[in-house]
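A short worksheet on the structure shown next.
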Amino acid sequence: MQNDFSTIMSERSDSELLKIVNELRNDYQVEAVEAAETELKNRNLNSTQIEEAIKYNEKTKQITIEKANDKLGTGWKILTFIFPGIIQVIFAVTFKADGYDRKAKELTKWTLYGFGFYFGFAFLIIILSWLL
């Protein structure tokens, strides 16, 4: 009887299988890793195919790192500071879901700066109205 992992791994690309076997080994069950190794052996990949898959994985990893470290633009910062609100928080969640971790953090930070500015300004006006 063929287990579910064999079926699942047979549907994976060469690069995905290599990533599972080499990089994500601890994130998968032992049977899943064994199924990935078996599938790689069954595919009989030559060195060129393996190199292409490895290059693809490296390129994907680099893109992921670049996305995670992408800065929030100045326009976003200004708009978020001037118009803080729930919409910016929704955008931050969207950025985070798309892998833009730094953008999400900066958008949240500038939203809080905007709220702080307006609350501080309102507090200052209240204090001044009491004094005058």
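Per residue, how large is the accessible surface of the chain? Use a 1.4 angstrom probe and give square angstrom.
Numbers: 9740 Å² over 132 residues.
For the chain, the solvent-accessible area averages 74 Å² per residue.
With a 1.4 Å probe and every protein chain kept in, tell me what percent of the accessible surface of region 49-131 is carbon plus sulfur. Numbers along the way, then the final one.
Values: 4340 of 6210 Å².
Carbon-and-sulfur percentage of accessible area, whole number: 70.
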The chain, Gaussian network, Cα under 10 Å: of Phe119, Phe91, Phe81, the residue fluctuating most is Phe119
Find how many whole Å separate the alpha carbon centroid of region 12-66 from the alpha carbon centroid of region 85-131. 42 Å
Given charges of +1 on the Cβ of Lys and Arg and -1 on the Cβ of Asp and Glu, with all other atoms neutral, how large is the dipole of the chain about its Cα centre, in debye to the nearest 20? 880 debye
Could you check which residue among Tyr113, Tyr100, Tyr28 shows the biggest mean-square fluctuation in a GNM of the chain with a 10 Å Cα cutoff? Tyr28
Could you identify which residue out of Thr108, Thr60, Thr74 has the top mean-square fluctuation in a GNM of the chain using Cα springs shorter than 10 Å? Thr74
Where does each of Trp110, Trp76 land when they are ordered by accessible area, with a 1.4 Å probe and the largest first? Trp76, Trp110
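Ordering Lys19, Lys41, Lys55 by accessible area with a probe of 1.4 Å, largest first, what comes out?
Working: Lys19 70, Lys41 155, Lys55 130 Å².
Solvent-accessible surface, decreasing: Lys41, Lys55, Lys19.
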Under a point-charge model restricted to the Cβ atoms of Lys and Arg (+1) and Asp and Glu (-1), what is the dipole moment magnitude of region 1-60 relative to its Cα centre, in debye to the nearest 20? 140 debye
Given Ile86, Gln29, Phe5, which one lies farthest toward the positive end of the charge dipole of the chain, if we put +1 on the Cβ of every Lys and Arg and -1 on the Cβ of every Asp and Glu? Ile86
Rounded to the nearest 500 deg cm²/dmol, what is the calculated helix-only ellipticity per residue at 222 nm for the chain, with -39500 (n - 2.57) per DSSP H run of length n ≥ 4? -25500 deg cm²/dmol
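Are any of the pairs Lys19/Lys55; Lys71/Lys105; Lys19/Lys71 more than 18 Å apart by Cα-Cα distance, and if so, which?
Correct reply: Lys19/Lys71.
The values are calculated or read from the model by the stated rules, or taken from the named source; none is laboratory data. The shown structure was predicted, so the numbers you read here are calculated from the model rather than taken from an experiment. Note that we place each Cβ from the backbone using ideal geometry, even for glycine, and neighbour counts take in every protein chain shown. The protein model used for the area step is the full one, side chains on, heavy atoms only, and it has no ligands, DNA or RNA in it. Shrake-Rupley method; radii C 1.70, N 1.55, O 1.52, S 1.80 Å.
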